[in-house]
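Reviewing the structure listed below.
The values are calculated or read from the model by the stated rules, or taken from the named source; none is laboratory data. Remember, predicted model here, so these are calculated numbers, not experimental data. Cβ coordinates were reconstructed from backbone atoms using ideal geometry, including for glycine residues, and neighbour counts include every protein chain displayed. For the accessible areas, the whole protein counts, side chains as well, though only heavy atoms, and no ligand, DNA or RNA atoms are used. Shrake-Rupley method; radii C 1.70, N 1.55, O 1.52, S 1.80 Å.
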Amino acid sequence: MRRLALSLIATLAALAVTGAAATAATPPLPLPKKPDTVRLDRFSGPSFLRVPPACYRQECALVVVSHPRGQSAERLLDSPQVNVLTEALLDVPLAVLLSDDGGESTWGSPAALAQVASLRQEAGSHFAWNGRTYALGLSMGGLLALRSALPGSPYPVGGVALIDPWTDLRSAWGTALARRAEIGHAYGLSGEPEAHHNPMTLAEQAPRIPLFLVASPDDDVVPMQTNAVRLRNRAVPGPSQFVQLSGPHLGGNRFSPKVAGQLADFFGGLEAQATEQALRR
C-alpha cells in the first residue's frame, strides 16, 4: 500500500513538472507590427480606433479626433492628409479614436458629446489605457473637442488641439442659413443658441486649458479672429501653441509633417507631464 502511494505521488509530481514545462514553453501571443484598426459601430455610423503596438504592452493615453462638417470617421480614416497627423500621434505612442461624433453635422451638440463619451469608454477597453484623454478637432469638430474639455463634460480632457476650428457656436449660427438649420436640428433649437450652448462662452468663464491652435487669416470659411484668436486668450501659458499659417480653410499645409510633429510634441509633452505628476503622488 505504501509503495502504491509513493508511486502515485511520483506520477503526480511528474505530471506537474511536465505541465509547468509545457506552460513555460508556450510562446506569448505575438504583438502586431503595425497599428490595429478597431471598428466601433453606432446607429449614426462607425468610428475607428487606431492602436499602435506599444499601447498593448505599456499604458497609453487616447486622442479623440472630431471631424469637419459633412464628413465622417470613415472619411478621416481614408484621408491621406489626416493620416499624416494620425501616424505622428501613433508614433508618440498614443491611441487615436476617429470619432463619428453622432453624425455628419452635429456641431458639438450635447447628444454628440454623449455619444463620444460612450465611444471613448469602449475604446479604452481595447488597449492598455491609462485613463487620460486629449482632443483634436478639425473645423466644425473644434466645437465638440473644445466642449469636451470644459466644465460639465461627461469625461475629462487634458488638452485640446484645434485646426481651422469653429469655437464660437453663435458665430457659426449667424454666418449661413444652412449652418443655422443644421445647428437648430442638432441642438433642438428654434432660435439662436443660448450662452450655455456655446463652447466659446463657456471657455471664457472656465479655467485656462492647454491649447494647440492652427489657423489662417486667409480662411474664408471660419473667421480666424473670432474663433481661434479669441480662444487663444484662454490658453495655459507654456505648453500652449498658436500656429498661424497661410492659405484656405483646411489647406494642405495643415497636414504637413511639420505640423504633425508639432501636434505630436504638444500631446506628448502633456502626457509626459501628466505621467511625472502621477509618479509624484
Within region 120-157, how many residues are part of a helix (DSSP H, G or I), in contact (Cβ under 8 Å) with a residue 40 or more places away in the chain and farther than 23 Å from GLY268 by Cβ?
3
Looking only at region 65-117, count every residue that is surrounded by fewer than 17 Cβ atoms within 10 Å (Cβ to Cβ) and at positive phi and tell me the total.
1
Just the residues that are open to solvent by 30 Å² or more (accessible area, probe 1.4 Å) and either among the hydroxyl-bearing types (Ser, Thr, Tyr) or closer than 21 Å to PRO239 by Cβ (or both), please, taken from region 203-219.
GLU204, PRO207, ARG208
State whether the residues of region 245-263 include one that is open to solvent by 60 Å² or more (accessible area, probe 1.4 Å), outside any helix (DSSP H, G or I) and modelled with pLDDT of 95 or more.
yes
Filtering region 46-58 for residues that are open to solvent by 10 Å² or more (accessible area, probe 1.4 Å), touching a helix residue (DSSP H, G or I) at 6+ places or on another chain (Cβ under 9 Å) and not hydrophobic (A, V, I, L, M, F, W, C) leaves a count of 2
So which of GLU194, GLU182, GLU122 is within 30 Å of TYR56 (Cβ to Cβ) and open to solvent by 40 Å² or more (accessible area, probe 1.4 Å)?
GLU122
For region 87-105, give me each residue that is touching a helix residue (DSSP H, G or I) at 6+ places or on another chain (Cβ under 8 Å), farther than 16 Å from VAL116 by Cβ and of a type outside the set (Asp, Glu).
ALA88, LEU89, VAL92, PRO93, LEU94
Keeping to region 37-54, report how many residues are in contact (Cβ under 8 Å) with a residue 24 or more places away in the chain and charged (D, E, K, R).
2
Does at least one position in region 93-112 carry a residue that is part of a helix (DSSP H, G or I), of a type in the set (Phe, Trp, Tyr) and over 21 Å from ALA260 (Cα atoms)?
no
Taking only pairs six or more apart or across chains, which ones have beta-carbon atoms under 7 Å, a first residue in region 226-247 that is closer than 12 Å to ILE163 by Cα, and a second residue that is small (Gly, Ala, Ser) and not in a loop (DSSP other than H, G, I, E, B)?
ASN227/SER171; ALA228/ALA215; GLN244/ALA215
Counting only residues in region 264-281 that are touching a strand residue (DSSP E or B) at 6+ places or on another chain (Cβ under 8 Å) and hydrophobic (A, V, I, L, M, F, W, C), the one modelled with the lowest pLDDT is identified as ALA274
ALA128 vs. criteria of a type in the set (A, V, I, L, M), out of contact with any helix residue (DSSP H, G or I) (no Cβ under 8 Å at 6 or more places or on another chain) and surrounded by fewer than 23 Cβ atoms within 10 Å (Cβ to Cβ):
no
Go through region 188-214 and report how many residues are part of a helix (DSSP H, G or I) and within 20 Å of the chain's Cα centre (by Cα).
3
Looking at TRP173, TRP166, which one is hydrophobic (A, V, I, L, M, F, W, C) and either open to solvent by 20 Å² or more (accessible area, probe 1.4 Å) or at pLDDT below 95 (or both)?
TRP173
